[in-house]
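Participant: Structure in structure tokens, see below.
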Amino acid sequence: MVPGKTPAASAKTRKHRIGTENESSLHRALKFRYADPGKTEEERAGFVCDALGPGGEAIEIQTGNFGALKNKLPALAARGRTRLVYPVIVNKTIELYDTAGNLISKRKSPRKGSLWDIFGELIYAPNLTLLRRLTVEIALVDATERRRDDGRGSWRRKGVSIEDRRLDLFHESVVLRKKADWRRFLPVSGEFTARELAAGARIRPVLARKTLYVLEKAGLVEKLRKEGRSWIYKPT
């Protein structure tokens with residue numbers, strides 16, 4: 001070995017570094033919660049999954065962007081049991097810091113997360129619901145979001161950046177494994193429209209339309225006909 005040089009990092013080490021360098025505290029806390037001790041950032045099917053759970057189940061924690069999982073989750077599920085954990089922040093506390101690290105303000109967000117939030121992500125990868133050995137688990141949590149007023153963030157937040165999210169409280173989780181489990185998202189009977197689903201579920205019509213798109217792909221609802229500007233659906 002050349003003096004002063006160190007061996008090149010293994011492919012697994014490089015993947016581990018890429019997978020964890022931007023990891024939030026929330027993601028890390030959930031990863032260790034679901035993992036068997038010492039079994040995080042494990043390689044399987046050419047990918048590095050967040051953890052291995054009891055019995056070798058592959059665990060993937062995803063806080064957003066389900067489209068990034070279109071190839072990874074089918075590959076993991078082809079090898080064995082796989083679990084996708086999606087955290088929904090029910091109650092969020094927002095801490096705002098200045099560039100020197102001083103706390104400027106602390107407040108509760110008025111928005112409450114719900115189980116239905118998952119459809120805002122599943123719309124980008126609806127076929128995940130068809131994977132036979134995939135379990136979807138929605139983790140309902142409270143979290144604190146740390147922000148910094150540095151002028152580098154989204155214009156919607158007036159330049160404020162989101163630095164981290166940390167887990168405050170784990171309430172419970174909802175496991176979706178079989179088609180029957182997904183039927184909890186159909187609080188209607190007979191024929192119905194997206195607007196009627198929105199009213200029954202107390203969600204916005206746009207989220208109801210995303211939900212129906214995913215449930216149709218999953219084979220849980222059928223699009224019958226159009227009346228005026230609205231599609232008519234029925235459960236299958």
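Participant: Go through segment 138-154 residue by residue and tally those that are within 20 Å of residue 30 (Cα to Cα) and either at pLDDT below 95 or surrounded by 18 or more Cβ atoms within 10 Å (Cβ to Cβ) (or both).
Facilitator: Kept after step one, since they are within 20 Å of residue 30 (Cα to Cα), are these residues of segment 138-154: 138-146.
Cutting the leftovers down to either at pLDDT below 95 or surrounded by 18 or more Cβ atoms within 10 Å (Cβ to Cβ) (or both) gives us 138-141, 143-146.
Residues meeting the conditions: 8.
Participant: Then there's this: Would you call residue 106 in contact with a strand residue (DSSP E or B) (Cβ under 7 Å, 6 or more places away or on another chain), loosely packed, with under 15 Cβ neighbours inside 10 Å and either more than 17 Å from residue 185 (Cβ to Cβ) or hydrophobic (A, V, I, L, M, F, W, C) (or both)? Outline the logic, then answer.
Facilitator: Working: in contact with a strand residue (DSSP E or B) (Cβ under 7 Å, 6 or more places away or on another chain): yes; loosely packed, with under 15 Cβ neighbours inside 10 Å: yes; either more than 17 Å from residue 185 (Cβ to Cβ) or hydrophobic (A, V, I, L, M, F, W, C) (or both): yes.
The answer is yes for residue 106.
Participant: Of these, 141, 175, which one is touching a strand residue (DSSP E or B) at 6+ places or on another chain (Cβ under 7 Å), without any contact (Cβ under 8 Å) to a residue 60 or more places away in the chain and closer than 21 Å to residue 61 by Cβ?
Facilitator: Of 141, 175, the one residue that is touching a strand residue (DSSP E or B) at 6+ places or on another chain (Cβ under 7 Å), without any contact (Cβ under 8 Å) to a residue 60 or more places away in the chain and closer than 21 Å to residue 61 by Cβ is 175.
Participant: Which one of the conditions (1) in the same structural domain as residue 109 (by TED's automatic domain parsing); (2) touching a Phe, Trp or Tyr at 6+ places or on another chain (Cβ under 6 Å) does residue 169 fail to meet, given that it meets all the rest?
Facilitator: Here residue 169 clears every test but (2).
Participant: Please give the helices (runs of 4 or more DSSP H) falling wholly within segment 1-108 in which 1 or more residues are at pLDDT 95 or above.
Facilitator: By residue number, 25-34, 72-79.
Participant: Mind checking which residues of segment 206-225 are surrounded by 13 or more Cβ atoms within 10 Å (Cβ to Cβ) and in a helix (DSSP H, G or I)?
Facilitator: 207, 208, 209, 210, 211, 212, 213, 214, 215, 216, 217
Participant: A further question follows. State all residues of segment 159-205 that are under 24 Å from residue 136 (Cβ atoms), of a type in the set (D, E, K, R), touching a Ser or Thr at 6+ places or on another chain (Cβ under 8 Å) and not in a loop (DSSP other than H, G, I, E, B); if no residue qualifies, say none.
Facilitator: Scanning segment 159-205 gives 165, 166, 168.
Participant: Right, something else. Is there any pair linking a residue in segment 63-84 that is among the aliphatic types (A, V, I, L, M) to one that is in a helix (DSSP H, G or I), with Cβ under 7 Å and at least six apart or on different chains, and which?
Facilitator: The qualifying pairs are 69/128; 73/128; 84/73.
Participant: Please go through (1) over 30 Å from residue 58 (Cβ atoms); (2) assigned to a strand (DSSP E or B) for residue 156 and return the number of the only condition it doesn't satisfy.
Facilitator: (2)
Participant: Has segment 191-201 got any residue that is surrounded by fewer than 18 Cβ atoms within 10 Å (Cβ to Cβ), in contact with a Lys or Arg (Cβ under 6 Å, 6 or more places away or on another chain), of a type outside the set (Phe, Trp, Tyr) and touching a residue at least 60 places away in the same chain (Cβ under 8 Å)?
Facilitator: Within segment 191-201, none of the residues are surrounded by fewer than 18 Cβ atoms within 10 Å (Cβ to Cβ), in contact with a Lys or Arg (Cβ under 6 Å, 6 or more places away or on another chain), of a type outside the set (Phe, Trp, Tyr) and touching a residue at least 60 places away in the same chain (Cβ under 8 Å).
Participant: Are any of the residues in segment 164-187 modelled with pLDDT under 95, more than 22 Å from the chain's Cα centre (by Cα) and at negative phi?
Facilitator: Looking through segment 164-187, at least one residue is modelled with pLDDT under 95, more than 22 Å from the chain's Cα centre (by Cα) and at negative phi.
The values are calculated or read from the model by the stated rules, or taken from the named source; none is laboratory data. Model, not experiment: these values are computed from the prediction. When we count neighbours, we look across all protein chains shown, and the Cβ atoms used for this are built from the backbone with ideal geometry, even at glycine.
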